[in-house]
Amino acid sequence: QAEEKWDFVLVSNIHEAGSEKETKRKKFLDELSKKGFTIKKIEDKKLFYGVRAPKQIFQKYQWLLRNPDSKLQNPDAHRDIPVTTRIRLVNFILQNTVTSDLEKLHDLRKKRVFEAAFPLHEKEEVREFLKERWARWRDIFSQQPIEKIRCYFGEKVALYFAWLGWYTYLLGFAAVAGLLVFVTGITVFNSSQVSKEICEATNTIMCPLCDQKCPFWLLSDTCTYAKVTHMIDNEGTVLFAMFMAIWATVFLELWKRQRATVVTDWDLYRWDEEEEELAMELINNLQHEPQQYQHSYFRSTIILLLVLVMIAVLIGIAHGLVIYRVVATALFTQSDLEFLREQANTMAVMTGAVLHYITIVIMTKVNRRVALYLCELEKPRTFSQHENSFTIKIFTFQFFTNFSSLIYIAFFLGRINGHPGNYVRIAGRWRLEECHPSGCITDLFIQMAIIMLLKQTISNVMEYLVPWISHKLHKKWQRPKKRRVMLGEEEEAEDPCKRQWLSNYQLSEVNAFSLFDEFLEMVIQYSFTTIFVAAFPLAPLLAFCNNLFEIRLDAIKMMRLRRRIVPRKANDIGIWLQVLEAIGILAVIGNGLVIAITSDFIPMQVYKYTYSPCMMENSTGVDCSTGYINHSLSVFRIQDFEPHTKPGLGPMGLCCRYRDYRNADDYSYTVQFWHIFAARLAFLILFEHVALCVKLIAAWYVPDVPQSVKNKFRVRKHNNLRKEL
């Protein structure tokens with residue numbers, strides 16, 4: 001039984017005798033035999049080759065690295081190092097074995113000589129424990145067995161789940177704070193003075209929202225929209241944005257401490273990846289010469305230019321979404337359905353958000369191909385460098401794919417559209433959108449809510465259903481065959497390996513970037529949770545609920561639906577930490593800009609302390625925001641409309657109102673506009689400096705490495721020196 005354990009399985013189609021593919025396959029297997037590998041062949045509809053490495057390979061590995069791994073697991077009869085280390089080493093040798101034609105396994109797979117290569121899910125005690133206690137929906141609130149995950153999948157996967165668990169745990173606090181802010185908005189700010197004024201403005205006639213067919217309208221018609229806006233846009237969101245900027249820093253600092261504790265327990269704190277890579281190269285080929293570090297400024301410049309071109313394309317797609325919203329608004333306002341006419345702007349925002357989600361799904365696939373192509377151009381030296389380079393590129397592309405449209409809504413919508421009589425138009429025809437008199441923040445709220453909900457429902461359902469359905473179908477196809485074998489009269493006994501290899505082959509394929517995809521999904525979610533959280537306080541709550549399911553979903557996929565992932569050694573989450581730190585800084589800038597520019601918080605404060613009735617004498621008992629709406633609307637003379645536009649029938653009177661701070665005679669900006677502009681700028685500088693200072697203080701206050709870890713190393717050094725002496 002012990003002899004029947006195999007490190008890896010190679011799968012090939014049955015090729016014609018003497019064909020080029022068969023020759024190439026034989027050459028590769030001969031190279032493995034020369035290295036002392038045991039190979040077992042099983043024939044079914046495909047050819048399966050079981051591969052087992054000789055003991056001396058692992059003895060060399062342990063000797064070169066004085067590896068403490070052998071103490072960590074109960075060794076089997078022939079396994080004196082952990083299964084994870086064994087698989088990792090065998091995978092390295094398989095990937096770097098060169099045939100006489102100078103081809104590696106990667107090249108042979110491209111040429112369809114081999115179809116698959118994977119380690120096996122074996123009936124180990126650890127696996128059964130993880131299947132029963134971790135990879136089940138019922139364990140959704142249970143703590144994760146990180147040590148057991150490490151023993152089965154290796155350190156890199158264990159660190160991913162440790163990070164995801166820690167992130168989800170701390171998200172709970174942010175979710176509670178966000179929910180409190182939202183509930184407070186519903187209860188306290190629902191009846192704010194500003195929304196009250198909008199609801200009572202039955203005599204305020206607003207300018208038409210489009211050129212043809214759109215009538216003049218009363219400000220009081222948008223009473224509900226105003227109430228919703230002031231649930232989101234209030235003083236509470238400013239405090240919450242500041243809280244989230246600090247939360248992002250504290251989360252990362254606490255994670256660094258958690259990670260230091262975990263990897264110290266694994267004896268990997270000072271592990272050197274480069275040393276391990278060189279050791280494996282020498283074990284594979286004693287004549288191997290180390291690859292030199294190289295840097296080409298020319299190649300870097302070309303890659304940088306190509307990245308900029310790709311970013312320009314992604315921004316162009318965001319422009320396309322803007323044009324869609326403008327055209328959709330114009331078409332909805334001319335619709336025969338009364339509901340569409342009345343809610344034209346909201347419908348355009350909602351359908352635009354769905355379209356944005358579809359572009360995210362499509363461009364994610366395109367971004368991946370472009371990022372991989374650019375990585376190949378860059379020619380990184382090691383897998384780790386390749387992964388880091390790929391991470392930076394795909395995150396940059398995904399960031400622009402996900403956030404370009406949101407950036408437009410937050411910072412440009414309603415600010416670059418001109419004014420009545422002089423509108424900015426697309427192709428000289430369609431007017432750019434305007435903000436509602438109570439602000440643009442609700443548009444941003446709707447866009448974020450739809451994208452987050454769609455990403456967390458449709459994407460997760462597809463992520464689970466696709467491998468689950470294919471797994472069930474494979475099982476169904478195999479059942480009749482098994483029954484025939486059992487009922488056959490003189491059938492030879494089936495090789496026990498055959499069933500195991502077949503069942504592993506039928507699982508969904510994994511690749512080097514399978515874990516990367518999970519990380520990317522979570523980091524993009526982290527961006528949504530922090531960068532525009534001032535506009536969407538429920539983002540942390542949605543992320544928290546999603547992550548509770550995400551942990552078990554990933555566990556079930558890895559344990560039950562996918563082939564075993566090749567274990568990788570790691571002592572941190574790699575370049576993702578720098579990405580998360582960059583997002584933390586972007587969160588401060590983003591939330592500062594949302595409050596200063598998107599929100600009506602600053603104009604309202606300027607009004608309260610400069611122009612409101614409270615600044616007059618004898619104003620006790622008066623709400624300081626009384627008269628704000630009238631103050632924030634400018635007056636436009638109907639006779640000044642552009643001649644080719646035909647607004648609906650004019651109202652009783654000669655003027656209509658629109659949201660801006662302009663003079664009634666020449667439509668130039670008023671003094672109030674410049675007051676507000678200066679206040680926005682001052683707040684932005686103040687908010688960002690205060691938030692960044694608080695982040696720095698939090699980073700200093702929480703040490704990266706716990707004292708217990710430092711003391712452990714100090715005691716160990718002391719004991720070693722004493723022993724030497």
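The values are calculated or read from the model by the stated rules, or taken from the named source; none is laboratory data. Fair warning: this is a prediction, and the values are worked out from it, not measured in the lab. FYI the Cβ positions are ideal-geometry reconstructions off the backbone, even for glycines, and counts take in every protein chain you see. We work out accessible area using only protein heavy atoms, side chains counted, and drop any ligands, DNA or RNA first. Shrake-Rupley method; radii C 1.70, N 1.55, O 1.52, S 1.80 Å.
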Working only within the range 219-263, note down all residues that are more than 22 Å from Ala539 (Cα to Cα) and open to solvent by less than 10 Å² (accessible area, probe 1.4 Å). Leu219, Ala260, Val263
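Being modelled with pLDDT under 80, open to solvent by less than 30 Å² (accessible area, probe 1.4 Å) and farther than 30 Å from Glu550 by Cα narrows it down to one of Gly488, Gly421, so name that one.
Details: Gly421 fails: modelled with pLDDT under 80.
Testing whether each residue is modelled with pLDDT under 80, open to solvent by less than 30 Å² (accessible area, probe 1.4 Å) and farther than 30 Å from Glu550 by Cα leaves just Gly488.
Within the range 539-548, does at least one residue satisfy the condition of being at pLDDT below 85, under 21 Å from Pro145 (Cβ atoms) and assigned by the TED database to the domain that holds Gly178?
Looking for residues that are at pLDDT below 85, under 21 Å from Pro145 (Cβ atoms) and assigned by the TED database to the domain that holds Gly178, one finds none in the range 539-548, hence no.
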Single condition Asp704 does not satisfy, out of (1) part of a helix (DSSP H, G or I); (2) under 33 Å from the mean Cα position of the chain (by Cα): (1)
In the range 274-284, anything in contact with a Ser or Thr (Cβ under 9 Å, 6 or more places away or on another chain) and surrounded by fewer than 15 Cβ atoms within 10 Å (Cβ to Cβ) is listed as Glu274
What residue, of Ser459, Ser405, is more than 15 Å from the chain's Cα centre (by Cα), assigned by the TED database to the domain that holds Leu520 and assigned to a helix (DSSP H, G or I)? Ser405
Check whether at least one residue in the range 462-474 is farther than 26 Å from Leu593 by Cα, not charged (D, E, K, R) and not in a helix (DSSP H, G or I), and report yes or no. no
Hey, can you tell me all the residues within the range 499-549 that are open to solvent by 40 Å² or more (accessible area, probe 1.4 Å) and closer than 20 Å to Thr401 by Cα? Asp517, Glu521
Any chance you could count how many residues in the range 570-627 are in contact (Cβ under 8 Å) with a residue 40 or more places away in the chain, within 24 Å of Leu684 (Cβ to Cβ), open to solvent by 30 Å² or more (accessible area, probe 1.4 Å) and of a type outside the set (A, V, I, L, M, F, W, C)? 4
Failed condition for Phe28, given (1) touching a Ser or Thr at 6+ places or on another chain (Cβ under 7 Å); (2) open to solvent by 40 Å² or more (accessible area, probe 1.4 Å); (3) in contact (Cβ under 8 Å) with a residue 40 or more places away in the chain: (2)
Would you confirm, using the coordinates I've provided, whether Tyr408 is open to solvent by 10 Å² or more (accessible area, probe 1.4 Å) and either free of Cβ contacts under 8 Å to residues at least 60 places away in the same chain or under 30 Å from Asn630 (Cα atoms) (or both)? yes
Is it the case, given these coordinates, that Leu377 is open to solvent by less than 10 Å² (accessible area, probe 1.4 Å) and in a helix (DSSP H, G or I)? no
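Filter the helices (runs of 4 or more DSSP H) completely within the range 222-317 down to those with at least 3 residues that are over 30 Å from Ser192 (Cα atoms).
235-265, 273-284
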Would you please name the residue that is least open to solvent (accessible area, probe 1.4 Å), looking only at residues in the range 2-21 that are free of Cβ contacts under 8 Å to residues at least 60 places away in the same chain, on the phi < 0 side of the Ramachandran plot and over 43 Å from the mean Cα position of the chain (by Cα)? Ser19
Could you list, ordered by first residue, the pairs with Cβ atoms under 9 Å in which the first is in the range 119-139 and without any contact (Cβ under 8 Å) to a residue 12 or more places away in the chain and the second is surrounded by fewer than 14 Cβ atoms within 10 Å (Cβ to Cβ), at least 6 apart or interchain? Glu125/Asn74
Which is open to solvent by less than 10 Å² (accessible area, probe 1.4 Å), touching a Lys or Arg at 6+ places or on another chain (Cβ under 6 Å) and either without any contact (Cβ under 8 Å) to a residue 40 or more places away in the chain or more than 17 Å from Phe216 (Cα to Cα) (or both), of Ala353, Ala348? Ala348
Which numbered condition trips up Ser33, out of (1) at pLDDT 90 or above; (2) buried (at least 16 other Cβ atoms within 10 Å of the Cβ)? (2)
Using the structure shown, decide if Ala596 is of a type in the set (Gly, Ala, Ser) and in contact with a Phe, Trp or Tyr (Cβ under 7 Å, 6 or more places away or on another chain). yes
I need the full set of residues from the range 194-218 which are in a strand (DSSP E or B) and open to solvent by less than 10 Å² (accessible area, probe 1.4 Å), in order please. Met206
Taking into account only those residues within the range 68-107 that are at pLDDT below 90 and aliphatic (A, V, I, L, M), which is surrounded by the most Cβ atoms within 10 Å (Cβ to Cβ)? Val83
For the range 424-458, how many residues are small (Gly, Ala, Ser) and open to solvent by less than 40 Å² (accessible area, probe 1.4 Å)? 3
For Met310, all conditions in the list (1) closer than 21 Å to Phe445 by Cβ; (2) surrounded by 17 or more Cβ atoms within 10 Å (Cβ to Cβ); (3) within 26 Å of the chain's Cα centre (by Cα); (4) modelled with pLDDT of 85 or more hold save one; what is the number of the exception? (1)
Failed criterion for Asp336 (all others in (1) open to solvent by 70 Å² or more (accessible area, probe 1.4 Å); (2) in a loop (DSSP other than H, G, I, E, B); (3) within 27 Å of Val424 (Cβ to Cβ) hold): (3)
